[in-house]
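The values are calculated or read from the model by the stated rules, or taken from the named source; none is laboratory data. Note that the structure is predicted; figures quoted are calculated from it, not measured. Here the Cβ positions follow ideal geometry from the backbone for every residue, glycine too, while neighbour counts run over all protein chains shown.
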């Protein structure tokens with residue numbers, strides 16, 4: 001496994017662990033918005049896993065687009081149906097549409113895209129190409 005893919009897997013695991021800790025400590029607005037932002041962070045890590053040489057801005061756009069597509073799919077009711085039958089589906093797809101989530105996904109993605117771009121410019125990360 002490449003260094004970037006290993007970093008992506010470890011990062012996603014860390015983001016998930018942070019989300020679980022917040023969920024255990026808070027059941028209000030902090031849990032909701034942090035969970036959404038951390039979901040965006042996990043999606044960014046997933047994009048890097050599958051495309052390790054992608055640039056930060058492109059990875060951010062792809063991750064945000066995927067998050068928004070999943071959120072908008074909740075308008076169909078299919079994620080709710082699947083989530084009622086599977087905890088994994090519930091974690092991956094959610095249950096019901098919340099337009100506020102559309103704004104919180106980038107909160108978890110943009111800082112990673114900026115850090116990724118800085119790392120590429122400082123030659124500590126493989127450059128896209």
Does residue 52 satisfy the criteria of being free of Cβ contacts under 8 Å to residues at least 40 places away in the same chain and surrounded by 15 or more Cβ atoms within 10 Å (Cβ to Cβ)?
no
Determine whether residue 94 is more than 16 Å from the chain's Cα centre (by Cα) and on the phi > 0 side of the Ramachandran plot.
no
How about the stretch 19-34: which of its residues are over 19 Å from residue 99 (Cα atoms), touching a helix residue (DSSP H, G or I) at 6+ places or on another chain (Cβ under 6 Å) and either loosely packed, with under 15 Cβ neighbours inside 10 Å or modelled with pLDDT under 90 (or both)?
23
For the stretch 1-100, please list each of the helices (runs of 4 or more DSSP H) lying entirely inside it that holds at least 2 residues being closer than 17 Å to residue 111 by Cα.
3-25, 29-50, 56-73
Check whether at least one residue in the stretch 57-67 is surrounded by fewer than 21 Cβ atoms within 10 Å (Cβ to Cβ), without any contact (Cβ under 8 Å) to a residue 12 or more places away in the chain and under 11 Å from the mean Cα position of the chain (by Cα), and report yes or no.
yes
Condition check: at negative phi, surrounded by 17 or more Cβ atoms within 10 Å (Cβ to Cβ) and modelled with pLDDT under 95. Does residue 83 satisfy that?
yes
